[in-house]
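Here's the structure, in structure tokens; my notes come after.
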Amino acid sequence: MKVYKAYAKVNIFLKITGKRENYHELVSRFMKVNSLYDELSFIPKTEEEFTIIGDFSCTTEQNTIYKAYVALEATTGSEALKNFMVTHAVNVKKQIPAFAGLGGGSSDAATYLKMCNDVLELGLTLDELAQIGARVGADVAFFIYGYESANVSGVGEIVEEFKEEILNFEIFTPKLEISTPKVYQIYRDNFYNPISEIEAQRLKKITSLEILENMSAKEANDLFEPALHEYAELKKYVKDGWHFSGSGSSFFRIIN
């Protein structure tokens, strides 16, 4: 069976623009990391229950791939999908670290949805897949569209391709499990300072290279300070010239 690549991403910038109920609205530039990806494939199996083979610390029910299956099955009611997952396991060769701000779980979920659409000929459009993916996680839509660079806004559901040269990154991920909900809560309680719509629109037009050359990690990512506040150990990994992805714990810099 074909092997599919689930790529990592970095957040070139991530700025909060407001609140929507319990969620934070944001504007962010996502860029695909071509050198870092998980590999997913379907392999035959005999046991009936939904099976994911791979190095995961969570239960099957907590896994984004399983959540993507549940959302896809609920939307399509596809008997072919149900039958296929009885006879096939999802085999995942994990390379993207978890709890790292690199979108590994979201990318796996998006790739699984695209695999099912492809193999089972479900005929879903990318927009339809993105809507299903949004029920799994905020970053899934970006990975569905497969853009190399995009401006992502709302609560992650608005994805607009940004045409620019793709950059090569060196990534360093400390062995720290960072909770994204916890970092957002710390931001809301202690650091809440949303940017204006004018500033959001300005940022969306600037190239990733310019942003990384002219903004510090703190200036580019509103979650950097809350992450440092909650995870003091993170401070020893902060270095000049490195930026912070998502809610962490990964740092990245350009190599060109």
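For Ala89, the residues whose amide H sits under 5 Å from its own are Ile43, Lys45, ignoring neighbours fewer than 5 places away on the same chain, with H placed 1.01 Å from N.
Think of region 4-254 as having a plus end and a minus end, set by charges on the Cβ of Lys, Arg, Asp and Glu; of Val238, Gly54, Gly77, Val238 sits farthest toward the positive end of this dipole. Against the chain, whose longest principal axis comes from its Cα atoms, helix 104-119 is set at around 40 degrees.
Before anything else, pin down the relative contact order of the chain: Cα pairs under 8 Å, at least 6 apart, normalised by residue count, whole percent.
Values: 490 pairs, mean separation 63.8, N = 256.
Contact order relative to length: 25 percent.
A viscosity of 1.567 mPa s and a temperature of 4 °C, combined with the Kirkwood radius over C-alpha pairs in the Stokes-Einstein formula, give the chain a diffusion coefficient of 69 µm²/s. Projecting the Cα atoms of Phe252, Ser106, Ile166 onto the dipole axis of the chain, where Lys and Arg carry +1 and Asp and Glu carry -1 at the beta carbon, places Phe252 farthest toward the positive end. What the phi angles of region 64-71 give under the Karplus curve with 6.51, -1.76 and 1.60, with θ = phi - 60°, is a coupling list of 4, 5, 5, 4, 5, 4, 4, 5 Hz, glycine and proline written as x. When Leu126, Leu167 are sorted by how many other C-beta atoms sit within 10 angstrom of their C-beta, beginning with the fewest, the order is Leu126, Leu167.
Region 158-173 and region 225-252 have their alpha-carbon centroids 19 Å apart. Modelled spin labels at Asn22 and Gln62, positioned 7 Å past Cα toward Cβ, are 1.7 nm from each other.
Mind putting a number on the dipole of region 1-101 about its Cα centre? Charges go on the C-beta only, +1 for Lys and Arg and -1 for Asp and Glu, and I need it in Debye to the nearest 20. Don't skip to the answer; put the middle values down first.
On the way: 13 positive and 11 negative charges, 138 e Å.
For this selection, approximately 660 debye.
Here the chain is treated with +1 on each Lys and Arg Cβ and -1 on each Asp and Glu Cβ, and its dipole about the Cα centre works out to around 480 debye. Put the Cα centre of region 40-83 next to the Cα centre of region 112-144 and the gap is 14 Å. Taking θ as phi - 60° and the Karplus parameters 6.51, -1.76 and 1.60, the scalar couplings of region 79-92 work out to 5, 4, 5, 4, 5, 5, 6, 6, 9, 10, 9, 9, 9, 10 Hz in sequence order, x denoting glycine and proline. Counting only DSSP beta bridges with both residues in region 4-254, tell me the antiparallel percent, nearest 5. Looking only at bridges with both residues in region 4-254, the antiparallel portion is about 90 percent.
Determine, at each q value in 0.17 (inverse angstroms), the log₁₀ of I(q)/I(0) that the Debye formula gives when each Cα of region 193-256 is one equal point scatterer. Log10 I(q)/I(0), no solvent term: -0.64. Amide H contacts under 5 Å for Ile158: Ser153, restricted to partners 5 or more places along the chain or on a different chain, H placed in the peptide plane at 1.01 Å from N. Going from the residue with the fewest nearby Cβ atoms within 10 Å to the one with the most, Arg202, Arg135, Arg29 rank Arg202, Arg135, Arg29.
Where a number appears in this text, it was derived from the coordinates with a stated rule and is not lab data. Just so it is clear, the model here is predicted, and its values are computed rather than measured. FYI the Cβ positions are ideal-geometry reconstructions off the backbone, even for glycines, and counts take in every protein chain you see.
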